[in-house]
Amino acid sequence: MARITASVYTSHVPAIGAALDTGKSGEPYWQAVFKGYDFSKLWLRAQKPDVIFLVFNDHATAFSLDMIPTFAIGTAAGFAVADEGWGPRPVPNVIGHPELAAHVAQSVIQQDFDLTIVNRMDVDHGLTVPLSLMCGQPQAWPCPVIPFAVNVVQYPVPSGRRCLALGQAIRKAIESYDEDLNVQIWGTGGMSHQLQGPRAGLINRAFDTAFLDRLIADPQALSLMPHIDYVREAGSEGIELVMWLIARGAMADLAGGPAPRVAHRFYHVPASNTAVGHLILEN
Ligand code: DHB
Ligand code: FE
């Protein structure tokens, strides 16, 4: 059977992608960010996942205010890199895993979560920047990726509680897939940041640190935190952090298994207007 071996959490700051793509990753400002991922790149290479189930948010790129799915699973064979206004990033296209994605859609919808099935979607920095941080600049991404898009752009957005429960349903779905696959689940976005209004530039290190602690040790309690606390404490875009609870919900301890092992933890300010947080948990 397929099994979820680990979860990875990381911010997705678009300027990180631009720094890599334009050869600025060696500059001191960016070195301080990328060094937090040196271990992660080696770790990912050693882990050799067969599939990455990548929870991310679209930033009004593939979707718009015309159509706003709360949860959307990419079931296509491939996903093109989106043009976010200055041409697509020069990174590989994403190869999907239509069989596992269709199985997850079937199973999760039967577990009463309404997913939108997406057979065509260009993927923006929300998905490609985490891949770049974890993989560097390869000719091809190391394995197929199932993009799973969550609406955190236009309210109402899903609650932390629902995200954690969805992760549990995704775990059941993946672990009932009849093929021996090493699957990782990634939760992306965050940490504290606010991009507009009088509080633009807000960073809250104390909140972020506590969020990482609680995500590791007590995700059930963390999942009950209301949206207003994310927005107040972590800024308007800090709400992206609810997506981390989907990946966390898919870990073994939330299905009665042992607590995960913290393989890596990193936190750095600043990257653009964002605090960068990164965590690797192993089952
Ligand atoms: C920034 C961060 C984001 O999460 C995003 O989607 C866009 C911009 C930033 O810090 O610049
Ligand atoms: Fe974002």
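The values are calculated or read from the model by the stated rules, or taken from the named source; none is laboratory data. Here the structure is a predicted model, which is why all the values come from computation and not from measurement. Using ideal geometry, Cβ is built from the backbone for each residue, glycine included, and neighbour counts are taken over all protein chains shown. SASA here: full protein model, heavy atoms, side chains in, ligands and nucleic acids out. Shrake-Rupley method; radii C 1.70, N 1.55, O 1.52, S 1.80 Å.
Taking the range 234-276 on its own, how many of its residues are within 16 Å of ligand 1 (Cβ to nearest atom) and of a type outside the set (S, T, N, Q)?
Of all residues in the range 234-276, those within 16 Å of ligand 1 (Cβ to nearest atom) come to 234-244, 267-276.
In the following step, the residues that additionally are of a type outside the set (S, T, N, Q) were identified as 234-235, 237-244, 267-271, 275-276.
Of the residues in that region, 17 qualify.
Has the range 207-216 got at least one residue that is within 26 Å of P142 (Cα to Cα) and either away from ligand 2 (no atom under 16 Å from the Cβ) or touching a helix residue (DSSP H, G or I) at 6+ places or on another chain (Cβ under 7 Å) (or both)? Give the steps one after another, and end with the answer.
Filtering the range 207-216 for residues within 26 Å of P142 (Cα to Cα) gives none.
Checked against the condition, which is being within 26 Å of P142 (Cα to Cα) and either away from ligand 2 (no atom under 16 Å from the Cβ) or touching a helix residue (DSSP H, G or I) at 6+ places or on another chain (Cβ under 7 Å) (or both), the range 207-216 yields no hits at all.
Return the pairs, sorted by first residue and then second, in which the second residue is outside any helix (DSSP H, G or I) and more than 16 Å from ligand 1 (Cβ to nearest atom), the first residue lies in the range 226-250 and is closer than 24 Å to Q168 by Cβ, the beta carbons are less than 7 Å apart, and the residues are 6+ apart or on different chains.
Filtered contacts from the range 226-250: V242/P158; L245/S223; A247/S7; A247/I185; R248/S7; A250/I4; A250/S7; A250/I185.
For the range 5-118, give me every one of the helices (runs of 4 or more DSSP H) that falls completely inside it and has 2 or more residues that are away from ligand 1 (no atom under 16 Å from the Cβ). Outline the logic, then answer.
Values: elements: 14-21, 28-34, 38-47, 98-110.
Filter on the range 5-118 gives 28-34, 38-47, 98-110.
Give the number of residues within the range 184-202 that are in contact (Cβ under 8 Å) with a residue 40 or more places away in the chain, open to solvent by less than 60 Å² (accessible area, probe 1.4 Å) and within 14 Å of ligand 1 (Cβ to nearest atom).
Step one: of the range 184-202, the residues in contact (Cβ under 8 Å) with a residue 40 or more places away in the chain are 184-196, 200-201.
Now drop any that are not open to solvent by less than 60 Å² (accessible area, probe 1.4 Å), which leaves 184-194, 200-201.
Next cut, within 14 Å of ligand 1 (Cβ to nearest atom) only: 187-194, 200-201.
Number satisfying all stated conditions: 10.
What about L181, is it buried (at least 17 other Cβ atoms within 10 Å of the Cβ), touching a residue at least 40 places away in the same chain (Cβ under 8 Å) and under 19 Å from the mean Cα position of the chain (by Cα)? Please lay out each step first, then the result.
On the way: buried (at least 17 other Cβ atoms within 10 Å of the Cβ): yes; touching a residue at least 40 places away in the same chain (Cβ under 8 Å): yes; under 19 Å from the mean Cα position of the chain (by Cα): no.
Taking the combined requirement at face value, the residue does not satisfy it.
Restricting attention to the range 65-83, report how many residues are small (G, A, S) and open to solvent by 50 Å² or more (accessible area, probe 1.4 Å).
Within the range 65-83, the first condition is being small (G, A, S), and the residues that meet it are 72, 74, 76-78, 80, 82.
When the remaining residues are screened for being open to solvent by 50 Å² or more (accessible area, probe 1.4 Å), the result is 77.
Total meeting the criteria: 1.
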